[in-house]
Amino acid sequence: MSTRIAFSLLMLLRTAAWDFQLKDARGVPHSRDEWQHKRAVVMFFVSTECPISNRYAPTINRMAHEYAVKDVAFYLVQSDPDLTSQAAEQHAREFAISIPVLMDPTQLLAAKMDVSVTPTAVVLNSSGEIKYRGRVDDRNVDLGKYRDTPKREDLKIALDEMLSGKTVSESETKVIGCYLPPPKKGVQE
């Protein structure tokens, strides 16, 4: 394959991964126009039925507040094809989530970000490149094995490195959590 074709494919993939529009649980559309001028975007893929995801609600809220002043946008992403907007909104209220909750019932965004387990955090730069994908921290040692205090805050480290202009030292970590349900067959966006 020629260098020119490879570059064109790379640019197409980058654009395709970044170029989407999803509605939030309130019906408000969100697209790259909204966040392409941010220094970073964090997508938290969660599930209402996953206790591991739910355990991270306070951390998500704290980080969204802490990094808002650093020009970082935060979104919760619900990729369960059976979850209604009303149930997602109720879940956000129950856990005091104040960031937009994107509805991804066809798992378009989950597929583009290569996410299959919740909770997964994905950090993108303003060009739409994935700089980090993985766990929030290492509190979940294994299924059923949990520590109260993390030894490594992977997401925070990745964000801080990226915002300071450094290369993210660990760009992907293993997520321990709940698998996304399979998408419904024949459902179009």
(Q) Quick check on this structure: which one of Asp148, Asp138 is assigned to a loop (DSSP other than H, G, I, E, B) and in contact with a helix residue (DSSP H, G or I) (Cβ under 8 Å, 6 or more places away or on another chain)? (A) Asp138
Q. Does segment 151-181 hold any residues that are assigned to a loop (DSSP other than H, G, I, E, B) and either of a type in the set (Ser, Thr, Tyr) or without any contact (Cβ under 8 Å) to a residue 12 or more places away in the chain (or both), and which are they?
A. Ser164, Gly165, Lys166, Thr167, Ser169, Ser171, Thr173
**Q.** Selected residue (only one of Pro150, Pro181 is under 22 Å from Asp82 (Cα atoms) and modelled with pLDDT under 95)
**A.** Pro181
Q | Condition broken by Asp71, with the remaining ones in (1) touching a residue at least 60 places away in the same chain (Cβ under 8 Å); (2) surrounded by fewer than 16 Cβ atoms within 10 Å (Cβ to Cβ); (3) over 13 Å from the mean Cα position of the chain (by Cα) satisfied | A | (1)
Q: Evaluate the following for Glu34: is it modelled with pLDDT of 95 or more, assigned to a helix (DSSP H, G or I) and among the acidic types (Asp, Glu)?
A: no
Q: Hey, could you check segment 49-82 for residues that are among the hydroxyl-bearing types (Ser, Thr, Tyr) and assigned to a helix (DSSP H, G or I) and say which is nearest to Ile157 (Cα to Cα)?
A: Tyr67
Q: For segment 87-110, state whether one or more residues are under 14 Å from the mean Cα position of the chain (by Cα) and closer than 25 Å to Lys166 by Cα.
A: no
(Q) Considering only segment 83-91, I want to know if a residue exists there that is in a loop (DSSP other than H, G, I, E, B), surrounded by 15 or more Cβ atoms within 10 Å (Cβ to Cβ) and not polar (S, T, N, Q). (A) yes
(Q) Given the criteria under 22 Å from Gly134 (Cα atoms) and either without any contact (Cβ under 8 Å) to a residue 24 or more places away in the chain or in contact with a Lys or Arg (Cβ under 6 Å, 6 or more places away or on another chain) (or both), does Asp80 qualify? (A) no
Q. Applying the selection to segment 92-135, what residues are in a helix (DSSP H, G or I) and surrounded by fewer than 16 Cβ atoms within 10 Å (Cβ to Cβ)?
A. Arg93, Glu94, Leu108, Ala111
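The values are calculated or read from the model by the stated rules, or taken from the named source; none is laboratory data. What you see is a predicted model, and the numbers here were worked out from it, not measured in a lab. Methodologically, a virtual Cβ is constructed for each residue, glycine included, from the backbone with ideal geometry; neighbour enumeration extends over all protein chains shown.
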